[in-house]
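Written out below as structure tokens is the structure these notes cover.
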């Protein structure tokens, strides 16, 4: 084996190295593994969305990724279609791109993630994973269909309380009375939208139609771009979705809610604006097993005072159950993105679990936007008994974009 | 319609944008809720008077009227009284298609996406051939769902350019029931569109056929998947999606045919993931 010969991931997977991996005589540093990255294993990488989080997200791909393409709708007049693009579809066509970092505004996250998987690429996608619930299910289905690696760019679960996870997955806890309240930190005021924007000329360097993409084609205003896009339902969902996936990835893992969602959601908020995200007080989300999750913004109205924080710990189990718990295996080690693309193990923040996490924020926003208490079927992923609220679960897209 | 002084006073109770142009300061929920309930009691005349206050973006200040109409849409849904909701939606829909600026009509369509139902699909369907309004009208129709397929299907022969693309794509979203698919020009029109000169139309039609799950489309989609670049990626997706829908409908023979074709033709290393996906699905479907 030539030490310095560059081997693409696809060659690796095709078997040239993968086949010999079955023989234990190959040294571990050649095969790779935690802390052992062979220098020959280089992945072709692309960054799509080159704003504030762009380089940070790209660096999350791992050390052996060579940047071969960058793509952003603000590169009009600067493209060479070799390294610099405005249209992500051209990047997807490239066979030498193995991994894609997505740091666009969130209304593009799902579509570009799915397109990348359809093109055989692995994805590290900035949070929040999606703009509405059905997008997340579609990403998870594509992940499964094409057997690709997907990781959302937040790592809450990597610093989680593993004992709580073990208790919650053990089946030993008969009734969950836990109440998890997140006080503040949602940046509600900071990531609100303007309600009195007026049309502005579109900058020459910006492909505005492509920026809007699947969302409605509105008139241009700079506040709809460049970070402040977070304040508009068309592109994100305010501080709720922007911060929520950070906070609740850990919660979801610890409380073993990766396969389900709350069944009852109630919000305390003024009537929402049709385009601009605005203020809200708190949202209470109840799971079928009794667990309650509360988002208390501390930025508007009266504070949440229905229940008090109560976490699950070992003392919730009787002595016999505690003994049984100790005999059970600890939770599986978590897998980060660089390890996942090298070993083809599923990343721990994969699409199916990240979808369940961001669904929390989408449900909260639906309750805020409709002003109604909503009931949710976590299996069908539909709102029950409220046809109009259910329209926000799967929002129509502007052609030619579709899931 | 000139608003009454009472209505003007109620609309003025909506919040003023703060120094950043946002609804973040002095937002009084109870005051808003009470004012909206009173405006709603004024019925059709109040709704039309508020619509009269709307102006195209940049042509004046309609911030409060804009917010008021949306709050009314939320209010009628909250009442859980379908008659009230229908009455509101019909009133809004009655203001479409006339001389009002297109930007205002676009907003009315979005209001119907929030609170409209079957009672307004006809009015929305008429907008599907309007270059400026077809997109929001199609989105409102598919959000409403009930009755949307017939409107989209009827619009297809007359839709041109951007409208045609929108209609084709949304036929795939609503997955029209069998009786509509069989009508002349239904599925056949979509199959024909798979070879259109416009790439966006070709991709949208292939996806629509796949989503509808039409068993007679397998060969058309497999041929489309012989394309190169982005279109090959998208047509291949359509093939896999069609096969999944056929399997779900118990049509294993047609699904196996698609998977077998993809397994046997995706021989380049760069497309190994498609071959693997087809092989995995074939095993699950009981194929060889």
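Each value in this text was obtained by applying a stated rule to the coordinates, not by laboratory testing. Remember, it's a predicted structure, so these values are computed and weren't measured experimentally. So basically every Cβ, Gly included, is an ideal-geometry build from the backbone, and we count neighbours across all protein chains shown.
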Whole-Å distance linking the alpha carbon centroid of the range A:177-223 with that of the range B:98-123 is 24
Quick P(r) readout (the range A:137-177; Cα-Cα; 10 Å bins; whole %) gives 21, 28, 35, 15
The relative contact order of the range A:173-232, taking Cα pairs under 8 Å that sit 6 or more residues apart, comes to a percentage of 41
Taking A:165-174, A:96-105, A:196-205 and ranking on average Cβ neighbours within 10 Å, highest first, one gets A:96-105, A:165-174, A:196-205
If one builds a Gaussian network model of chain A from Cα atoms under 10 Å apart, the most fluctuating residue listed among A:355, A:221, A:375 is A:221
Taking only C-alpha positions in the range A:57-155, Rg and Dmax in angstrom work out to 12.9, 38
Counting other chain Cβ atoms within 10 Å of each Cβ in A:192-203 and taking the mean gives 5
Computed over the Cα atoms of the range B:1-116, the Rg and Dmax in Å are 13.6, 40
Between residue A:90 and residue A:204, Cβ-based FRET efficiency (R0 25 Å, step 0.05) works out to 0.75
Per residue of B:268-274, other chain Cβ atoms within 10 Å number on average 6
Per the C-alpha gyration tensor (a ≥ b ≥ c, the square roots of its eigenvalues), the protein assembly as shown is rounded if a/c is under 1.5, else prolate if a/b beats b/c, else oblate; here it's oblate
Taking N as the residue count of the range B:7-53, its alpha carbon Rg divided by 2.2 N^0.38 Å gives 1.25
PRE zone check, label point 7 Å out along Cα-to-Cβ of residue B:146, amide N under 17 Å, scope the range A:364-403, hits A:383-392
For peptide B:12-22, the mean count of other chain Cβ atoms within 10 Å per residue Cβ is 4
Here the percent of antiparallel bridges among DSSP beta bridges lying wholly in chain A, to the nearest 5, is 40
Length-normalised contact order of chain A, Cα under 8 Å, at least 6 apart, in percent, tallies to 19
So for chain A, using the alpha carbon gyration tensor with a ≥ b ≥ c as root eigenvalues (a/c under 1.5 gives rounded; past that, a/b versus b/c decides prolate or oblate), I'd call it oblate
Scattering profile of the range B:175-288 from the Debye formula, Cα beads only, expressed as log10 I(q)/I(0) at q = 0.20, 0.23 Å⁻¹, is -1.02, -1.26
Rounded to the nearest 5, the percent of DSSP beta bridges in the protein assembly as shown running antiparallel is 45
Expressed in µm² per second, the diffusion coefficient of chain B from the Stokes-Einstein equation, with Rh the Kirkwood radius over alpha carbon pairs, at 4 °C and 1.567 mPa s, is 60
Packing-ranked peptide list from B:29-41, A:58-70, highest mean Cβ count within 10 angstrom first, is A:58-70, B:29-41
Here the relative contact order (percent) of the range A:135-263, from C-alpha pairs under 8 Å and at least 6 apart, is 37
Where a ≥ b ≥ c are root eigenvalues of the Cα gyration tensor, a/c under 1.5 meaning rounded, otherwise prolate if a/b exceeds b/c and oblate otherwise, the range A:289-403 counts as oblate
The computed P(r) of the range B:147-217 puts the percent of Cα pairs beyond 19 Å at 18
Expressed in angstrom and rounded, the centroid-to-centroid distance over alpha carbons for the range A:231-249 and the range B:135-153 is 29
Inter-part gap, Cα centre of the range B:42-87 to Cα centre of the range A:84-134, in whole angstrom, is 38
